Each structure stands twice: as structure tokens, then as C-alpha cells.
Amino acid sequence: MHIACLPHGSPSSSLRQVLAGASDTRAIVLPSSPRHRDGGEWLLDAMRELRRELFLEPELQVIASVDPAAVRKVTREVARLLAESRLDEVTIGRVQSTATATTIVEWLAGGETFAHAETGDELDDDVLLETAYIELGAAPLVDASESSARIVISTEMAPGSLALAAAYERLELDAHDWNRLATLVTLARVVEEPRQAAPLWMEVSEGGEVVVAALPTIGIEQLNDALAHQRSELGCGKVNPDVGVDLDGARWEMVAANKYTLLGVLGHPPTGRYAVELRYCETDSDTLHDWPTTISKTLVDWDASVRPARRWLGRKR
């Protein structure tokens, strides 16, 4: 099967090309962009134009992410669009984990210190904490997708989590095969990365082998650039909640025309922490500021709810 990913901001015509490009496409991944938060408008525009084309294919699943603050609004709006098209039995999964000020205080009581992820500085004691957005991994998305959700809408996840969750059912993962998991996470991160500005596919065989399939316009140079970017991202201490990744010896190998596998990736157990974006304001100001930090996984809860579109709208029938 194929899992297709469309870079954030791509036109709907590109999504039509993706749907036509591989007849056995079983999942479309539509990741948000932390650099261009748009309140979920790009996803909603795609749904407005392509809702019937997407959901007339009975085995096609859509896994998308949006700005953390927009996930509730977007879920309801997608449900409304489906209901308008008489598709109100289509199931929607919503995945989120947003902590309130009360929860943050509980974290503090549990011993968390909120050191800045880049500088190591400690957060001032006198700031007013508002919310915290948690960068979850693939597990909550797997929960929703395995519960028969046709579309999964989540908050922003760790890079690669959407594509990894879409492929999970066929991967036959050994829980302690860290090298394989690290390889899959890296492939998924490359597929989701918007830098190549063109759709990529993950091709998953019946035996769980995974390759990246690209358009003829994307060659080894572009993939090497994408791998170098991932090496830089993961090498600067950014947290991946699913596995630790070492890309020092990683390299691409072409296995067929426009198809590549990734070799030489090493993995190790994850740090046991999630990346978190705290929102706070100073005592004398209402302006919100972001503070990147991490939080222990044992202190994080998430919600993965799956319902027909009509129930997200509060309708019984």
C-alpha cells in the first residue's frame, strides 16, 4: 500500500494528483506547519474542495494535524462539511493534549522545572502560566486510526508521527527493535518535511518493508538534502518521543526507479520526555510568550475520541 503526504500549503490540485498517482493509496497525510500556523484553514480548504472524492473511497484514511489552539474548531467544521455532503456517518477521530494552568501547576508540584529547551535557562517564578501544548508521538494517532476513524485530526505532533501512525498496522514492529523504529521514524519525518515542496509516498509491502517513492522530479540530491536536515534537527537535542535516532551513518539506496530505502540508521530507547510549548505572560502584560521545554511522559495524558460526524455536531440521527 501507499501512504501519501502533501506538504502544508499545497493546492488542492496536488492532492488530486496524489489520489490519481497510486491506485492503492490507503492513507493521505496532511501535516500542519509550526512555522505557518493558519488555524487549520489549509486543511479546511482542502476538505471543502475534495470531501466527496476523499470519502467515496471506502478504504482511504486521512490523518491531519492543525495548530493546537484550532483542533476543536477544525474537528467541528470538518464534521459540518461532511454532514452537508450527506456523509455524516463518516467517523472522525480527534487527538489532543493541551494542559491548562492548573495542570502545569501540578507538573511543578511533581518536580518539573521547565528549563528552556535551547538555552537551559529556568522560567521565571513570577510569570503567569496559561497553557502548554504537548508534542505527542505516534501512539495517540494509532489509537484513533485503529478505532476505525476515517479522518483523524490532531494537534501538532512530533515530526513523522502522522505518517508512522498511518503505516503502523502493516509494520509488524518489535517493541525493542530500536534501529528499525528509528529508520521508520526518519523515513516518516522526511515524507512529512515540507522543504521538498512536492508530495512523497511511503510504500509499505505486505511484509512491512518500507521505501520512499518520489516523483521523477525528486532525485537523490533532494533526498540527501532532506536527510541532512533531519540529521541537523535530531542532532541538536530535539526530543523525539518514540525513539532516539542517530543518523551519522545513514544513507539512501535506490531499489527501483524513483524508490529509495534508508540504511545505516541507529536507534536507542527514547528519553522518556515530550517536547512542550508553554504559553505564559508577564505579570504586567497580557502578551503571550512561548517557552519551549520538555515534560516527563509519565505526567502526560491525551484524548483520542472517535465519533461519526453527526455526533461531533450533537446530532443523534
Item to check | Solvent exposure of the range 122-201 as accessible area per residue, Å², 1.4 Å probe | outcome: 37
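Please report the relative contact order for the range 134-263, taking Cα pairs under 8 Å with a sequence separation of at least 6, and give it as a percent rounded to a whole number. Can you show the working numbers first?
Numbers: 166 pairs, mean separation 30.0, N = 130.
Result for the range 134-263 is 23 percent.
Tell me, what % of the accessible area of the chain is carbon and sulfur with a 1.4 angstrom probe? Display every interim value, and only then the final one.
Details: 6900 of 14660 Å².
Of the solvent-accessible surface of the chain, carbon and sulfur hold 47 percent.
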Checklist outcome for this item: Where a ≥ b ≥ c are root eigenvalues of the Cα gyration tensor, a/c under 1.5 meaning rounded, otherwise prolate if a/b exceeds b/c and oblate otherwise, the range 145-243 counts as rounded
Item to check | Vicinal HN-Hα couplings computed from phi for the range 126-133 (Karplus, 6.51 cos²θ - 1.76 cosθ + 1.60; Hz; Gly/Pro x) | outcome: 9, 6, 9, 7, 10, 9, 9, 9
Checklist entry - Between Arg86, Arg189, Arg170, which gets the highest mean-square fluctuation from a Gaussian network model of the chain, Cα cutoff 10 Å? => result Arg86
Checklist entry - Taking θ as phi - 60°, what are the ³J(HN,Hα) couplings along the range 211-225 by the Karplus curve (6.51, -1.76, 1.60), each to the nearest whole Hz, with x for Gly and Pro? => result 10, 9, 10, 10, 5, x, 6, 10, x, 5, 5, 5, 5, 5, 4
Checklist outcome for this item: Classified through the alpha carbon gyration tensor (a ≥ b ≥ c as square roots of its eigenvalues; rounded if a/c is under 1.5, else prolate when a/b is larger than b/c, else oblate), the range 219-317 comes out oblate
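Hey, what number do you get for the chain at 222 nm if only DSSP H runs of n ≥ 4 count, each worth -39500 (n - 2.57), divided across all residues, to the nearest 500?
Values: 9 runs with 101 residues, N = 317.
Value at 222 nm, helices only: -9500 deg cm²/dmol.
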Checklist entry - Taking Cα pairs under 8 Å and at least six residues apart, what relative contact order does the chain come out at, in percent? => result 23
Item to check | Stretchable slack from Asn258 to Arg52, in nm (0.36 nm times residue separation minus alpha-carbon distance) | outcome: 71.1 nm
Next on the checklist: Please state the shape class of the chain: rounded when a/c is under 1.5, otherwise prolate if a/b exceeds b/c and oblate if not, all from the C-alpha gyration tensor.
Outcome noted: oblate
Checklist entry - Just the accessible area per residue of the range 243-296, please: how many Å² with a 1.4 Å probe? => result 50
Next on the checklist: Compute the distance from the alpha-carbon center of the range 123-153 to that of the range 218-245, in whole Å.
Outcome noted: 22
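The values are calculated or read from the model by the stated rules, or taken from the named source; none is laboratory data. Here the structure is a predicted model, which is why all the values come from computation and not from measurement. The area values use the complete protein model at the heavy-atom level, side chains included, leaving out ligands, DNA and RNA. Shrake-Rupley method; radii C 1.70, N 1.55, O 1.52, S 1.80 Å.
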